[in-house]
1. Quick check on my filter: what residues within the stretch 507-542 are within 20 Å of residue 180 (Cβ to Cβ) and without any contact (Cβ under 8 Å) to a residue 24 or more places away in the chain?
2. Could you run through the stretch 160-172 and say how many residues are in a strand (DSSP E or B), within 14 Å of residue 199 (Cβ to Cβ) and under 31 Å from the mean Cα position of the chain (by Cα)?
3. Does residue 767 fit the bill of being surrounded by fewer than 24 Cβ atoms within 10 Å (Cβ to Cβ) and closer than 19 Å to residue 799 by Cβ?
4. Looking at 287, 255, 280, which is the one that is surrounded by 21 or more Cβ atoms within 10 Å (Cβ to Cβ), modelled with pLDDT of 70 or more and not assigned by TED's automatic domain parsing to the domain that holds residue 43?
5. Of all residues in the stretch 375-384, how many are crowded, with 17+ Cβ neighbours inside 10 Å and under 22 Å from residue 507 (Cα atoms)?
6. Name the residue, out of 759, 795, that is assigned to a helix (DSSP H, G or I) and either buried (at least 20 other Cβ atoms within 10 Å of the Cβ) or in the same structural domain as residue 873 (by TED's automatic domain parsing) (or both).
7. Residues in the stretch 541-554: is at least one touching a strand residue (DSSP E or B) at 6+ places or on another chain (Cβ under 8 Å), farther than 30 Å from residue 745 by Cβ, surrounded by 19 or more Cβ atoms within 10 Å (Cβ to Cβ) and modelled with pLDDT under 85?
């Protein structure tokens, strides 16, 4: 068969077979009538995805108020209102209101993932109705509509092909397959076509050719709709939310028990009931760090702002901390670990191999052979065999390249990306594509089809002869019936092609011959050819990918690859980036269904469907891992939604992926994830720093109230004094701790064990140690003042506040530097307010304090510096002797699992 370069349009009432012959058209040829289409639209609904029912505002608020910490604060607010302490009640309720508002707003933003799916539906589509072509809104398409497809179209619904002319469809957004897929119809007698060859799916893109297709599913019933259904379930609590919920429950129970004990002891000593109730309520407020939600929110907001400056846009604030907890980084391949563009990497001719460098479609790069670089303008002399190979490959291609222009800084491929890669490689050899086509104009062609797996073109030479150029899959071209080369040459080429294929390359064989006349059919083109060589094409790894994977390993994060691409390609990329070791292979999800047992120890999954990606994520999370998943396509949406932290590409990613994700990489660089992880660890470290500071202060206050009566201090502190100290210490200084800089060694330590609580890794012990020092200093000052007939209650109040502020200064990540000046300023402001509480008459009257002498003030201030010393010594003890930590889950893989146990137990 011979086809000209002008597409053949079938006669009315006929449709082509895959071999180019015409057969009688089916009943689909005339499409639906307008009446039928309207009736189906009314019956089945439009080609749109269903909008999920929004969660009522009252339910969102109720969910936020069920947090254990908030419940304790609500109880405290109720008690203060019952005792007419309206000032304290107003402060507590304000904290609750701010925390609830922030939580509700973030929840609303997170639920916008589904609505973006409709953006991928083509806004308009061409169909045949009433026997004529017309353009209709994509939302009005119905099942059995006859769809017209052409190059560049976004497929608006699932459909079955009834006509296909050199149709090539990019399904990367749906399946993850890096190479476009040929779509064809089976010829009569050829049997059934391979699964998926005669169907197209919503959201995919036609990159070459044309076709007609009968719509089989629209809206929620389409492939895109089924993926949307997988994103309806709630993503669940983040690790930080789970940890803080546990802390809230522990603090609630502990604070109520201890404050109940204080109440009982006071009543036994004959203290007034109302005074002891207010005192117990004040201790509850002091023991529960009510500013924790504000500190967490501020820390997350600052972390999100820092991440944005590093090209990582956070969509859900809790995701900031979640990044710091990540134990598994699950990434897709195409466009994330790789460039997302096809590039020629290897050339082979019977004279030897050559390697090709460069990225993207820009004709920049070099070709090396035997350690020498081939100069473009001298390639004809240095490597005539390579030039002849690439000239034939360029002539036997339909794609073109678009140079940078306007807002576009990159070279773009127009047509099949594989053919565009051939043009780029030709440019690196100095081949002028336009001049070559002018010198050897195409006369006719035998287009590629999936039966032959070859494409042949006929070109007019200057001497009048016809040059035949043929390219195709090695298994379809390297045969004696087609090539005239010696059998040894064919065997050598076959072996080399097999080796390249195992290494993950897409291999094309190229052959050439000259004829006196143009052949009449494909058989006339494809015999008596001479093999020119092989071209190995790959979607190459990003330049930064290897460094990023190494950084993940150094941080104790196990990288795994989940892709819809071929196992050989996935294995080659994973091996090159050291995700797996040489000799390991990918798990083929077509033959191994991923589950808890199948995912144990596996680091590369190939041919994974969207459903299987979700199953892999679920299995990893069920094993106790904290999983970050990266992706850019529609097929990645459900997995991004299900992972603990979903990471989408901002430039290249589909809107579905971006809206399903918690984190969007504005620069599409996986290395940005590592920067985000560093910020996440910084946020979590600052939250733990605040908890150590706040809980040690609260525990010290309870200890003072419990021990004081036994050492001669009947009521060490008044309720108003407890609330004042709590306001000063947990307020500005606590919030300023959210801005502490990152630990320089933070990214050289493994992540926290997923089962570890926020108070784990020895934080409880540290709280008790520091609290003991604060309480000892406070009680010591009180006893000294009481026995020397000084204003002991005021000095006790002063010592407790100053010692806690000294602990705040000692809690800095980099003491002795100007890092985080906010904390220094906050402590200074709190110190002035503490002094005002003693010397300002209005505050003295409110708090029941008395002025103290300068000598007494200096003595108490000097003794309070023990709080600074205590936190520094405790930090030194903790860094030298880290406490036992939970073991890494047994299915951890990668270098972090191989580290010595003592090294793994170090906590950030």
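1. Keep residues of the stretch 507-542 that are within 20 Å of residue 180 (Cβ to Cβ), which gives 507-510, 535-540.
Scanning the stretch 507-542 gives no hits.
2. If we filter the stretch 160-172 for residues that are in a strand (DSSP E or B), which is where we start, we get 160-170.
Those left that are additionally within 14 Å of residue 199 (Cβ to Cβ): 160-164, 167, 169.
Among the residues that remain, those that are also under 31 Å from the mean Cα position of the chain (by Cα) are: 169.
Final tally of qualifying residues: 1.
3. Numbers: surrounded by fewer than 24 Cβ atoms within 10 Å (Cβ to Cβ): yes; closer than 19 Å to residue 799 by Cβ: no.
When the stated conditions are applied, residue 767 does not pass them.
4. Values: 287 fails: modelled with pLDDT of 70 or more; 255 fails: modelled with pLDDT of 70 or more.
Result of the check over 287, 255, 280: 280.
5. Final tally of qualifying residues: 1.
6. Working: 759 fails: assigned to a helix (DSSP H, G or I).
After applying the criteria, what remains is 795.
7. So in the stretch 541-554, the residues touching a strand residue (DSSP E or B) at 6+ places or on another chain (Cβ under 8 Å) come out as 541-542, 545, 549, 552-553.
Those still in the list that are farther than 30 Å from residue 745 by Cβ too: none.
No, every residue in the stretch 541-554 fails to be touching a strand residue (DSSP E or B) at 6+ places or on another chain (Cβ under 8 Å), farther than 30 Å from residue 745 by Cβ, surrounded by 19 or more Cβ atoms within 10 Å (Cβ to Cβ) and modelled with pLDDT under 85.
To keep it simple, each residue is scored yes or no on (1) surrounded by 21 or more Cβ atoms within 10 Å (Cβ to Cβ); (2) in contact with a strand residue (DSSP E or B) (Cβ under 7 Å, 6 or more places away or on another chain).
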{"residue": "565", "(1), (2)": "yes, yes"}
{"residue": "571", "(1), (2)": "yes, yes"}
{"residue": "575", "(1), (2)": "no, no"}
{"residue": "579", "(1), (2)": "yes, yes"}
{"residue": "584", "(1), (2)": "no, no"}
{"residue": "590", "(1), (2)": "no, no"}
{"residue": "596", "(1), (2)": "no, no"}
{"residue": "599", "(1), (2)": "yes, no"}
{"residue": "606", "(1), (2)": "yes, yes"}
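The values are calculated or read from the model by the stated rules, or taken from the named source; none is laboratory data. Since the model is a prediction, treat every value here as computed from it, not as a measurement. Cβ sites come from the backbone with ideal geometry, for glycine too, and all protein chains shown count toward neighbours.
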